[in-house]
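Read-outs throughout are calculated quantities, based only on the coordinates presented, and are distinct from any laboratory measurement. Treat the numbers as computed from the prediction; the structure is a model and nothing was measured. Here the Cβ positions follow ideal geometry from the backbone for every residue, glycine too, while neighbour counts run over all protein chains shown.
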């Protein structure tokens, strides 16, 4: 996945590997992506209620969040110290430990917004 810079589904990654001549099963791709996620080597976005995941090699190894364009899929890695403080406080107040979290913010990037505004109205 080192050459993949945008988010891709396991099926898309599997197809790329097969096109490159790798004889690998889809289940193996899923297992490896899961292992890479656990080691913090890939970013994972879950869309549509969490049942669809897309993956991308991490640019940063420390914990971070994403701002994702709904139209083009562009993703920006962002820090969220307020989110980190809030999650720690809620966990502590409720007596939880070893809490993890993931947060993705979805919107429309500037380029897509400008493109949409530049179109004539029907």
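Mean silhouette area of the chain, derived from the convex hull of its C-alpha atoms and averaged over all directions, reads 10.7 nm². Nearest 0.05, what FRET efficiency do residue 86 and residue 30 give at R0 = 30 Å with Cβ-Cβ as r? Calculated value: 0.40. Taking all C-alpha pairs of the stretch 62-122, those more than 18 Å from each other amount to 53 percent.
Applying 0.36 nm per residue to the separation of residue 63 and residue 106 and subtracting their alpha-carbon distance, the gain on full extension is 13.7 nm.
Most simply put, the stretch 62-122 has about 50% antiparallel DSSP beta bridges, counting only bridges with both residues inside it. Please give the FRET efficiency for residue 77 paired with residue 52, using the beta carbon to beta carbon distance and R0 = 25 Å, rounded to the nearest 0.05. So, using R0 = 25 Å, E works out to roughly 0.80.
A straight chain from residue 99 to residue 116 at 0.36 nm per residue would run longer than the Cα-Cα distance by 2.1 nm.
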